[in-house]
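*Asks:* Here it is: the structure, laid out below.
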Amino acid sequence: MKKIFILSVCLMSAVLAFSQAKKPTIMVVPSDAWCNNNGYMKAIPNGEGSTKNMPDYETALNSSMDLKLAIAKINDLMMERGFPAKDLESQIKMIAQQNAEQNLVTSKSGNEMAESPVDQLLRVAKADIILELTWDVKVQGPKRTLTYILEGKDSYTGKSIGGSNGTSAPSFSADVAVLLEEAVVANIDNFNNRLQQYFDDLFTNGREVALEIRVFADNEAGIDLESEFGEDQTELSEIIDDWMSDNTVEGRFSKLGSSENYIAYEQVRIPLYNAKGKAMDTEAFARELRNYLRKAPYNIPVKVMNRGLGKCILVLGEK
């Protein structure tokens with residue numbers, strides 16, 4: 001009897017722990033294809049004298065009630081299953097209220113780095129997973145059917161996690177939300193399981209981000225990545241490599257290339273939480289490296305620049 005009681009307690013504890021497992025935060029957005037097909041794209045300067053077409057979420061939300069209904073329905077279905085949802089429209093309004101300086105960051109010497117509106121949205125919302133939604137309604141006499149595609153993407157890397165698609169049964173209903181729910185419900189639990197498995201892997205192996213190290217030309221500090229420090233005259237690039245090894249999950253990162261003025265790191269695995277238990281993102285990780293380089297014996301001025309949620313640039317030599 002005692003063994004049965006202990007086994008029951010263990011099983012209950014396991015079930016409780018599983019039920020309390022942290023869920024990834026999601027945000028539903030219309031896919032690029034949906035925005036393009038419905039005329040909700042706009043040209044954004046890419047900083048190289050040309051433009052790039054990007055989805056115009058704000059205009060789409062202001063113009064399409066069907067889009068609002070569709071996003072609200074997917075949010076409801078996900079939240080019913082325990083997935084916290086960031087509302088796209090609320091996040092866009094939050095960005096609009098922020099200072100215009102966040103749209104363009106300029107160093108004291110005039111160097112500048114810009115974020116696209118989509119990059120800024122992802123950074124501000126900080127959802128773990130983006131759900132890109134596409135749907136199409138076909139009319140067959142008095143009846144309508146809705147076909148949807150829902151693709152999950154890592155908001156930090158843009159990599160696809162998994163997808164779900166389906167078609168509703170023919171219905172007399174004209175409500176997109178009703179048709180969408182009917183089409184989605186049959187497939188959503190398997191889809192959610194894939195999202196959860198991906199998120200659980202992040203706990204074990206870390207979140208994947210990218211980091212760049214740059215040096216301001218003719219900077220006041222008079223340093224570059226070949227500057228040497230300490231009695232053993234270790235180059236700054238090696239010092240940064242060692243810090244990355246010590247602070248990434250299991251020392252996992254890829255160094256794509258380097259020179260005296262540039263280092264590019266990709267597949268940088270950062271912990272989901274820092275030593276104090278607070279959520280870690282790319283900017284927080286970059287700030288820790290900045291703080292390390294600012295202290296003795298290096299005393300290097302460092303500016304951190306965001307390039308969306310999954311990438312940061314540290315520029316050495318000026319604030």
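The values are calculated or read from the model by the stated rules, or taken from the named source; none is laboratory data. Since the structure is predicted, the reported quantities are computational estimates derived from the model, not experimental observations. Virtual Cβ from ideal backbone geometry, glycine too; neighbours counted across all protein chains shown. Areas reflect the complete protein model, heavy atoms only, side chains present, ligands, DNA and RNA absent. Shrake-Rupley method; radii C 1.70, N 1.55, O 1.52, S 1.80 Å.
*Asks:* With the other protein chains left in place, how much accessible area per residue, in square angstrom, belongs to region 142-199 at a 1.4 angstrom probe?
*Replies:* Per-residue value: 45 Å².
*Asks:* Pairs LYS52/LYS86; LYS22/LYS42; LYS86/LYS143: which exceed 29 Å Cα-Cα? Don't skip to the answer; put the middle values down first.
*Replies:* Values: LYS52/LYS86 26 Å; LYS22/LYS42 37 Å; LYS86/LYS143 33 Å.
Result: LYS22/LYS42; LYS86/LYS143 exceed 29 Å.
*Asks:* Determine the sum of side-chain charges near LYS93: Lys and Arg each +1, Asp and Glu each -1, restricted to other residues whose C-beta is under 14 angstrom from that of LYS93.
*Replies:* -1
*Asks:* In whole Å and largest first, what semi-axes does the C-alpha gyration tensor of region 190-319 yield when each eigenvalue is scaled by 5 and square-rooted?
*Replies:* They are 30, 14, 13 Å, listed largest first.
*Asks:* Could you look at region 211-294 and say what percent of its accessible area is carbon and sulfur, using a 1.4 Å probe and all protein chains? Numbers along the way, then the final one.
*Replies:* On the way: 1690 of 4500 Å².
Answer for region 211-294 is 38 percent, counting heavy atoms of protein chains only.
*Asks:* Using the Cα centre of region 198-319 as the reference point, and only Cβ charges (+1 on K/R, -1 on D/E), how large is the resulting charge dipole? Debye, rounded to the nearest 20.
*Replies:* 760
*Asks:* How large is the Kirkwood hydrodynamic radius of region 256-319, counting all unique pairs of alpha carbons, in Å?
*Replies:* On the way: mean 1/r = 0.0781 Å⁻¹.
Value: 12.8 Å, from the Cα pair sum.
*Asks:* Just the Cα atoms of region 115-267: what Rg and Dmax do they give in Å?
*Replies:* Values for region 115-267 (Cα only, Rg and Dmax): 23.8, 83 Å.
*Asks:* Hey, another quick one. For THR157, what is the net charge nearby, where nearby means another residue's Cβ is under 10 Å from its Cβ and Lys, Arg count +1, Asp, Glu -1?
*Replies:* +1
*Asks:* Please work out the average accessible area per residue across region 217-279, using the 1.4 Å probe convention, and give it in Å².
*Replies:* Heavy-atom accessible area per residue stands at 61 Å².
*Asks:* Among the lysines, select those whose C-alpha is under 26 Å from the C-alpha of LYS255, and discard any that sit fewer than 8 residues away in the same chain.
*Replies:* Leaving aside lysines fewer than 8 places away in the same chain, those within reach of LYS255 are LYS126, LYS153, LYS159, LYS295, LYS303, LYS311, LYS319.
*Asks:* Just to be sure I understand the rule: take each whole DSSP H helix in the chain, project its Cα atoms onto its long axis, keep it if the span is 27 Å or more and its mean Kyte-Doolittle hydropathy is at least -1.0. Which ones pass?
*Replies:* Values: long enough: 176-205 (39 Å, 0.06).
Long hydrophobic helices here: 176-205.
*Asks:* Quick one, what does Rg over Rh come out to for the chain if you take C-alpha atoms and the Kirkwood Rh?
*Replies:* Dividing the radius of gyration by the Kirkwood radius yields 1.06.
*Asks:* For the chain, give the magnitude of the charge dipole about the Cα centre (Cβ charges: +1 Lys/Arg, -1 Asp/Glu; no others), in debye to the nearest 20.
*Replies:* Once rounded to the nearest 20, the dipole reads 1420 debye.
*Asks:* Right, something else. Between region 271-289 and region 126-179, what is the C-alpha centre distance in whole Å?
*Replies:* That distance is 34 Å.
*Asks:* Run the reach check for LYS68 against aspartates and glutamates, Cα to Cα strictly under 13 Å, same-chain hits fewer than 8 apart removed. What comes back?
*Replies:* GLU58, ASP76, ASP87, GLU89, ASP175
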